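Comments concern the structure below.
The values are calculated or read from the model by the stated rules, or taken from the named source; none is laboratory data. Keep in mind the model is a prediction, meaning the values are calculated, not measured. Heads up, the Cβs are rebuilt from the backbone with ideal geometry, glycines too, and the neighbour counts pull from every protein chain shown.
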Amino acid sequence: MPMTDFRSRLYARYVSTFKASSALAGHSLASQWKWCDYKILPLLADLPRAAAILELGCGPGYFLDYLRSRGFSNLRGVDISAEQIAIALGKGLPAEEADVFATLNDCGQAFDAIIAIDLLEHFSKAEGLQLADGVLQSLKPGGRIVLQTPNGSALLAGPIIYGDLTHLTIYNQSSLGQLLAIAGFGRIAFAETGPVAKNIRGVLRVGIWRLATIVAAVIRLAECGGWQRIWTQNILCTAFRPDSQEP
């Protein structure tokens, strides 16, 4: 089956056959937004609220809605899934059904930030490099990408890697940094996702997680002689287009 047919068949019913079971609502949505306050908002905190922000693979608009709630006003989201875009439009969000590559080809140096949450893993390695190239050329000089993708070196990698049939390529800190550097990004930085200390339960989870990763790091050090910093199921990454790069 050609790749285009494979994707068309999966994404045509992505919500009804998969995403509906993990939809966020009520308390869980508020909890996720609080997590974003700790983990993702600081990566955008220096941007003016009128900054031009594009979200690639915006899905039903969870993160667009979050950004809007935090005062960002110049937003755009694209996704190939008609089902998910219909949900986003139902919330009054600035989302459209579109191919991410076509979008990047057409927009020029238009954006201060491009967001790619749980997107990169849905492409082949060649497509991943094409995506990184397109993002770089679509950012204003000094603009940034903020992305999250499954961590192939996670302590508990299996569920996040194999839990979605549309996942094609998995990265870790090393290979993701390699991809972005080849595309021309600079100031590449990584962070864990994981629990945050937003309440007593969160404080307890953070403590347990830190203890678990210390044990894992010691085991890895004993086996490989090297240290690992990112253990969570997902990696957060920011990278910048150099100020002086020509289009």
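Remarks
- Test: residue in region 176-192 that is of a type in the set (D, E) and part of a strand (DSSP E or B): yes
Matching residues to (1) within 13 Å of L155 (Cβ to Cβ); (2) in the same structural domain as D112 (by TED's automatic domain parsing):
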| site | (1), (2) |
| --- | --- |
| R210 | yes, no |
| I214 | yes, no |
| A217 | yes, no |
| G226 | no, no |
| L236 | no, yes |
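- Out of A222, A181, A189, one residue alone is in the same structural domain as V135 (by TED's automatic domain parsing) and free of Cβ contacts under 8 Å to residues at least 40 places away in the same chain. It is A181.
- Members of region 208-241 that are exposed (fewer than 12 other Cβ atoms within 10 Å of the Cβ) and under 19 Å from L180 (Cβ atoms): R229
- Single residue of region 52-74 satisfying the filter (assigned to a loop (DSSP other than H, G, I, E, B) and in contact (Cβ under 8 Å) with a residue 60 or more places away in the chain) that is farthest from S8 (Cα to Cα): A52
- Wholly within region 75-174, strands (runs of 3 or more DSSP E) carrying at least 1 residues that are touching a residue at least 40 places away in the same chain (Cβ under 8 Å), in the same structural domain as P48 (by TED's automatic domain parsing) and on the phi > 0 side of the Ramachandran plot: 139-150
- Residue check: Y62 meets all listed conditions (1) more than 19 Å from L236 (Cα to Cα); (2) at pLDDT below 95; (3) out of contact with any Ser or Thr (no Cβ under 9 Å at 6 or more places or on another chain) but one, namely (1).
- Breaking point among (1) within 30 Å of W33 (Cβ to Cβ); (2) in contact with a helix residue (DSSP H, G or I) (Cβ under 8 Å, 6 or more places away or on another chain); (3) exposed (fewer than 13 other Cβ atoms within 10 Å of the Cβ); (4) at pLDDT 95 or above, for T149: (3)
- G77 vs. criteria modelled with pLDDT under 95 and not polar (S, T, N, Q): no
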